[in-house]
Amino acid sequence: MRDRQEQGTKPVGMYEVILTRRKRFGWRWQVCDQSGKIFADGFERTRPSAKYHGERALFFLLSQAYLHNRFAASSED
């Protein structure tokens, strides 16, 4: 843990995609962290569509964090 702090990086958090049935109307998807903070959400008619959009949002979130960290590391050089 100390090595991470010296290098200026933060510990990686966990994210998850939550699918919730909304009675007759469809499915709500959310991308949340461990504390329950919502980073993205949406609504779809079918479960496969909600799963796809939730996982797509999670991938986008993770790829943006990776690109941001990569850009920050290259600018320090």
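For this structure, a couple of remarks:
- R56 surrounded by 13 or more Cβ atoms within 10 Å (Cβ to Cβ) and in a helix (DSSP H, G or I): yes
- Scanning region 18-53 for residues that are open to solvent by 90 Å² or more (accessible area, probe 1.4 Å) and of a type in the set (D, E, K, R) yields R21, R22, K23, R24, K37, R45, R47.
The values are calculated or read from the model by the stated rules, or taken from the named source; none is laboratory data. These figures come from a predicted structure and were not determined experimentally. Quick reminder, even Gly has a Cβ in these numbers, built from the backbone with ideal geometry, and neighbours come from all protein chains shown. All accessible areas refer to the heavy atoms of the entire protein, side chains included, with ligands and DNA or RNA removed. Shrake-Rupley method; radii C 1.70, N 1.55, O 1.52, S 1.80 Å.
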